[in-house]
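Asker: Before we start, here is the structure in question, set down as structure tokens.
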Amino acid sequence: MGSMESVAVCETCPRHCRLAEGALGYCHARRNVNGRVVAANYGKITSLALDPIEKKPIAFFHPGANVLSVGSFGCNLRCPFCQNDSISQVGEGEVSFQKATPSELASLALRLKDERGNIGLAYTYNEPLVGWEFVRDCAKEVHDRGMLNILVSNGCVESDVVKELAPLLDAANIDLKGPSQKYYDWVGGDFDAVCSTITTLNQAGCHVEVTVLIVPGRNDEEGDVDAIAAFVASVSPDIPLHVTRFFPRFRMTDASPTPVSTVRRLAEVARRRLVHVLTGNC
Ligand code: SF4
């Protein structure tokens, strides 16, 4: 019975992994330590770069600014088209990292303010919310220094996580990868959870933009993008939507890139419902 007692359920995302003592979750980022599920990737930085904010992509929040962008390892989804699988689909021991504290990162962000036009810290590259405690702790330090927090996420987490972070986030780009649970079954996520994240962040006053990656044969029908645009418009027709082009990566290297004409046509479909629709990777 002793080992049964140490099983812990992770409440971070809808997958609700049941973890034996010492076990890692599906995302490679959370672990049961002494009966408590903690972020095993806390402060373990695989990527750190000063990026233009447009690269997130964020188009209507401090355009032209740079943002210090930080990533760790791990993700709770398994998109076969992942563009960042070398850090998102691996755990500790499969990728090199440097350690940094929230205070160190926030201080670096501040140093880069005058030198390089940095406006804050972006949590991105892998899925930041599988290590949401690090996002929370960094975000507090960043706000203490009068700078901004930007989240780039798949949005597939439980509402308690979003509610705790929302007051600390100034802008976010959330993927809405497909129009239905059927699509999210393919990538291993929860459609309703993602929709709820977008709604909650918007209601909290965070600047929200949404991205859909158009994957040929999967979500490239006009009805798919119309349904995504309809949901986004139901939250607010002013939310910018980025309609972006797929390139063959990870488990889909045998597929062809999305034709640029398809991306442009689908962007037109979304424009029937939304004020700001942008194309990406074209
Ligand atoms: S965040 Fe990770 S450990 Fe927690 S339920 Fe999701 S996949 Fe499992």
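Throughout, read-outs are computed from the coordinates displayed, never taken from laboratory work. Keep in mind that this is a model prediction, so the values were computed, not measured. Neighbour counts are summed over all protein chains in view; Cβ atoms, including those assigned to glycine, are modelled from backbone coordinates with ideal geometry.
Asker: Relative contact order (percent) for the chain, with alpha-carbon contacts under 8 angstrom and 6 or more residues of separation?
Answerer: Normalised by residue count, the contact order of the chain is 15 percent.
Asker: Taking amide H positions as placed 1.01 Å from N in the peptide plane, with prolines and chain starts having none, which residues 5 or more places from Ser69, or on another chain, fall under 5 Å of its amide H?
Answerer: Ala49, Leu50, Asp51, Ala122
Asker: Here's a follow-up. Quickly work out the Tyr42-to-Arg272 label distance, labels modelled 7 Å from Cα along the C-beta direction, and quote it in nm with one decimal.
Answerer: 4.9 nm
Asker: Based on Cβ point charges of +1 for Lys and Arg and -1 for Asp and Glu, what charge dipole magnitude is obtained for the stretch 41-280 about its Cα centre, in debye rounded to the nearest 20?
Answerer: Here the stretch 41-280 has a charge dipole of around 480 debye.
Asker: Counting only DSSP beta bridges with both residues in the stretch 41-280, tell me the antiparallel percent, nearest 5.
Answerer: About 25 percent, rounded to the nearest 5.
Asker: What does the extension gain come out to for Arg264 and Ala20, with contour length at 0.36 nm per residue minus their alpha carbon separation?
Answerer: Length gained, Arg264 through Ala20: 83.0 nm.
Asker: Right, here's the next one. Roughly speaking, what is the stretch gain from Asp238 to Ser103, that is 0.36 nm per residue apart minus the C-alpha to C-alpha distance, in nm to one decimal?
Answerer: Full extension of this stretch gives 45.1 nm more.
Asker: Right, here's the next one. Quick one: net charge of Ala267's neighbours, Cβ under 15 Å, K/R +1, D/E -1?
Answerer: -1
Asker: Could you pull out which residues in the stretch 212-230 have an amide N less than 12 Å from a spot 7 Å beyond the Cα of Ser256, following the Cα-Cβ vector?
Answerer: 216-217
Asker: Would you pull out the residues with amide H under 5 Å of Val277's amide H, same chain only if 5 or more places away, H placed 1.01 Å from N?
Answerer: Long-range HN contacts for Val277: Leu241.
Asker: How large is the convex hull of the C-alpha atoms of the stretch 41-280 per residue, in Å³?
Answerer: In the stretch 41-280, the Cα convex hull volume per residue is 112 Å³.
Asker: If you don't mind, another one. Using the Karplus curve 6.51 cos²θ - 1.76 cosθ + 1.60 with θ = phi - 60°, what ³J(HN,Hα) values do you get for each residue of the stretch 199-204, in whole Hz, with x for Gly and Pro?
Answerer: 4, 5, 5, 4, 5, 7
Asker: May I pose another question? Sort 23-31, 123-131, 173-181, 186-194 by the packing proxy (mean of other Cβ within 10 Å over each peptide's residues), most packed first.
Answerer: Descending packing order for the listed peptides: 123-131, 23-31, 173-181, 186-194.
Asker: I would also like to ask the following. Taking the Cα centre as origin and putting +1 on Lys and Arg beta-carbons and -1 on Asp and Glu beta-carbons, what dipole magnitude results for the stretch 137-282, to the nearest 20 debye?
Answerer: 520 debye
Asker: Apply the Karplus parameterisation 6.51 cos²θ - 1.76 cosθ + 1.60, with θ equal to phi minus 60°, to every residue of the stretch 167-183 and state each ³J(HN,Hα) to the nearest whole Hz, in sequence, with x for glycine and proline.
Answerer: Residue by residue, the stretch 167-183 yields x, 8, 9, 9, 8, 8, 10, 10, 6, 10, 6, x, x, 7, 5, 4, 5 Hz.
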